[in-house]
1. Output the residues belonging to segment 78-115 that are over 19 Å from residue 53 (Cβ atoms) and of a type in the set (Gly, Ala, Ser).
2. Go through (1) open to solvent by less than 70 Å² (accessible area, probe 1.4 Å); (2) at negative phi for residue 25 and report which single condition fails.
3. Go through segment 67-77 and count every residue that is open to solvent by less than 70 Å² (accessible area, probe 1.4 Å) and part of a helix (DSSP H, G or I).
4. For residue 64, state whether it is open to solvent by 50 Å² or more (accessible area, probe 1.4 Å) and either touching a residue at least 24 places away in the same chain (Cβ under 8 Å) or aromatic (Phe, Trp, Tyr) (or both).
5. Only residues that are outside any helix (DSSP H, G or I) and either open to solvent by less than 70 Å² (accessible area, probe 1.4 Å) or within 20 Å of residue 25 (Cα to Cα) (or both): list them for segment 87-130, please.
6. Of all residues being over 19 Å from the mean Cα position of the chain (by Cα) and of a type in the set (Gly, Ala, Ser) in segment 104-152, which is nearest to residue 90 (Cα to Cα)? Just the residue, please.
7. Name the single residue that is modelled with the lowest pLDDT among those in segment 156-188 being in a loop (DSSP other than H, G, I, E, B), within 21 Å of the chain's Cα centre (by Cα) and acidic (Asp, Glu).
Amino acid sequence: MKLYRLIFVGKAFLLLVSIFLINHSITIGQILTTCGVTCISIDLPDAVSFAIYLIVPVFLTYLNHRRFPMLDHAEIKEDNIKWIESSSAFFLPTFFGYVFVGLSISNFPTLVFVYIALTVLCYYAEIYLYNPIFHLLGYRFYFVTADKNKVLVMTKKNIKLGEQIEFKKLGQVNDFTFIDIEEPSKEQ
């Protein structure tokens, strides 16, 4: 579970790396040359490298999503839910933080340091874990207040204001972040 959580946090910051590489116009060919790989000569157009930089985090997040059923299971019963609210506005500054940090980093050693520092700090912090790429996979983010606890629930369900709902099959990423692994009904 701890390794999965570390991977979950690390993948959330891959977008930061992509933004850095695109901002500095670093191509895949340049990366291979810098790493000493001379037996493969790749001269792709910049746009192809940049598209790959955006596709890789999405693909890795998708693979991460496929492993959700392996998480520790939890549930939140309808009777225990006191309040549900969208958390999208709460995480919008976080998303912009990825962009601005990625744009402000000036060199590769700084990028590595910032990536490792953010991953370690977020791993050990008792916070909501957020990855903006899950939006592309159809997930919505909600704060759910149950009993006296407020947790983040990622779900593919579209929850309407005042709707009665329960989460029967949640995967627990940490004490504050849960992922609904129950398939949504067709009418949602």
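1. If the condition is that a residue be over 19 Å from residue 53 (Cβ atoms) and of a type in the set (Gly, Ala, Ser), then 86, 87, 88, 89 are the ones that fit.
2. (2) is the only condition that residue 25 fails.
3. Qualifying residue count for the region: 1.
4. No; evaluated as a whole, the condition is false for this residue.
5. 87, 105, 106, 107, 125, 127, 128, 129, 130
6. 146
7. Filtering segment 156-188 down to residues in a loop (DSSP other than H, G, I, E, B) leaves 156-166, 173-176, 181-188.
From the residues that got through so far, the ones that are within 21 Å of the chain's Cα centre (by Cα) too are 156-159, 173-176, 181-184.
Applying the additional criterion that residues be acidic (Asp, Glu) yields 175, 182-183.
Details: 175: 84, 182: 79, 183: 73.
Ranking the candidates gives 183 first.
Matching residues to (1) within 15 Å of the chain's Cα centre (by Cα); (2) without any contact (Cβ under 8 Å) to a residue 40 or more places away in the chain; (3) open to solvent by 70 Å² or more (accessible area, probe 1.4 Å):
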{"residue": "5", "(1), (2), (3)": "yes, no, no"}
{"residue": "12", "(1), (2), (3)": "yes, no, no"}
{"residue": "18", "(1), (2), (3)": "yes, no, no"}
{"residue": "21", "(1), (2), (3)": "no, yes, no"}
{"residue": "33", "(1), (2), (3)": "no, yes, yes"}
{"residue": "37", "(1), (2), (3)": "no, yes, no"}
{"residue": "42", "(1), (2), (3)": "no, yes, no"}
{"residue": "46", "(1), (2), (3)": "no, yes, yes"}
{"residue": "50", "(1), (2), (3)": "no, yes, no"}
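The values are calculated or read from the model by the stated rules, or taken from the named source; none is laboratory data. These numbers come from a predicted model, not from an experiment. Virtual Cβ from ideal backbone geometry, glycine too; neighbours counted across all protein chains shown. Accessible surface areas use protein heavy atoms only, side chains included; no ligands, DNA or RNA. Shrake-Rupley method; radii C 1.70, N 1.55, O 1.52, S 1.80 Å.
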